[in-house]
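Below is one structure, written out as structure tokens, with a few remarks after it.
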Amino acid sequence: MRYLLTGGAGFVGSHLAEFLLGEGHEVFVIDDLSTGSIRNIEHLKPHSRFHYVIDTITNVPLTAELVDQVDIIYHLAASVGVRLIVESPVRTIETNIKGTEIVLELANKKKKRTVIFSTSEVYGKSADIPFREDGDLVLGPTTKGRWSYACSKAVDEFLALAYWKEKRLPTIVVRLFNTVGPRQTGRYGMVIPTFVRQALAGEPITVYGDGRQSRCFCHVMDVVPALARLALENDAVGKVFNIGSDQEVEILALAREVKRLAGSVSDIVLVPYDVAYAQGFEDMRRRVPDLSRISALIGFRPTRDLTSILESVIAHEARTRR
Ligand code: UDP
């Protein structure tokens, strides 16, 4: 099969590209390197079934040509990371909405199956744990920049589902929960690469708020095979799927675990949200996926626990910082 990965030089995209190549497929990547990195795909370049172009998906003739060449599209190109969202809200909203509009419109012309990447962020402040795909989305006010990310992704979801309902374009929506692993950058605020970098450098490990907020972290190598399976399932079309782990950890406990596994001398410090982000920043206390829909369809079950996730990130960071 031939796949197009928009945003294929990003963290998840580059792992997915690698996996699909390993399965014998042909992979085309388009990435403008706004948050992705050429280093993520450096090792794939020599591969005869790997093709990449550094450009933006808003280059419509180019994206159209790529869409024509493939069987399935994974639309990963997007602005990600809470820090980027808070600091560059215009870019986040425009990239996420315009990019998806272009990809879906082009895919629709040739009726190419398209997987749209959304996020657990869309559940917002919902307290209805675990989050089910058909549960309510509870977002904060438009004056708080963080929610623009969830909102832009929710619009992408509406659009993808509308293309299926109205135009019979086969679309699948995936909501990734905190996905982590080697090659994820801490530049946009993600907690595990940040803590690991701090621990290895002997710098203070910065826990925001009281550290009692929790997340569930899933290794990218558990996520990627699920993405490959799901795209081939006819029963996935027109539906939304949570993908992630349901093993919860509080952020303060996470910091302690990173420190222990890295053998670090770093102090763990609590940083108020107002200092970390901006005045009036809102965080979510808990975020746990209900995985019954995806496990019923493809038998999805994460295999790596937090310790093995952290070990793989620490090993990667230790290698690349030398
Ligand atoms: N966080 C933290 N210290 C950091 C970065 C993040 O305590 O240096 C916290 C953040 O406030 C949130 C959690 O870690 O509660 C996960 O943050 P991340 O940005 O990785 O993902 P999110 O789940 O918020 O999208």
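Name the helices (runs of 4 or more DSSP H) wholly inside the range 227-313 in which the number of residues that are over 30 Å from residue 162 (Cβ atoms) and either of a type outside the set (D, E, K, R) or in contact (Cβ under 8 Å) with a residue 24 or more places away in the chain (or both) is 3 or more. Passing ranges, in order: 251-262, 273-276. For residue 37, the conditions (1) under 17 Å from residue 176 (Cα atoms); (2) surrounded by fewer than 19 Cβ atoms within 10 Å (Cβ to Cβ) all hold with the exception of (1). Once the range 208-255 is narrowed to residues that are within 11 Å of the ligand (Cβ to nearest atom) and under 26 Å from residue 296 (Cβ atoms), the residue that is surrounded by the fewest Cβ atoms within 10 Å (Cβ to Cβ) is 249. Entry remark, the range 46-58: residues being part of a strand (DSSP E or B), surrounded by 15 or more Cβ atoms within 10 Å (Cβ to Cβ) and of a type in the set (A, V, I, L, M, F, W, C) number 2 in total. Give me the pairs, please: first residue somewhere in the range 187-209 and closer than 24 Å to residue 34 by Cα and among the hydrophobic types (A, V, I, L, M, F, W, C), second residue anywhere and more than 8 Å from the ligand (Cβ to nearest atom) and part of a loop (DSSP other than H, G, I, E, B), beta-carbon distance under 8 Å, and either six or more positions apart or on two chains. Matching pairs, first to second residue: 190/184; 192/184; 192/217. Of all positions in the range 87-103, at least one carries a residue that is within 20 Å of residue 1 (Cα to Cα), of a type outside the set (D, E, K, R) and at pLDDT 95 or above. As for the range 28-45, it holds at least one residue that is within 18 Å of residue 102 (Cβ to Cβ), small (Gly, Ala, Ser) and in a loop (DSSP other than H, G, I, E, B). Residue check: residue 266 meets all listed conditions (1) away from the ligand (no atom under 14 Å from the Cβ); (2) surrounded by 19 or more Cβ atoms within 10 Å (Cβ to Cβ); (3) more than 30 Å from residue 23 (Cβ to Cβ) but one, namely (1).
The values are calculated or read from the model by the stated rules, or taken from the named source; none is laboratory data. For clarity, every value in this text was computed on a predicted model and none was experimentally measured. Heads up, the Cβs are rebuilt from the backbone with ideal geometry, glycines too, and the neighbour counts pull from every protein chain shown.
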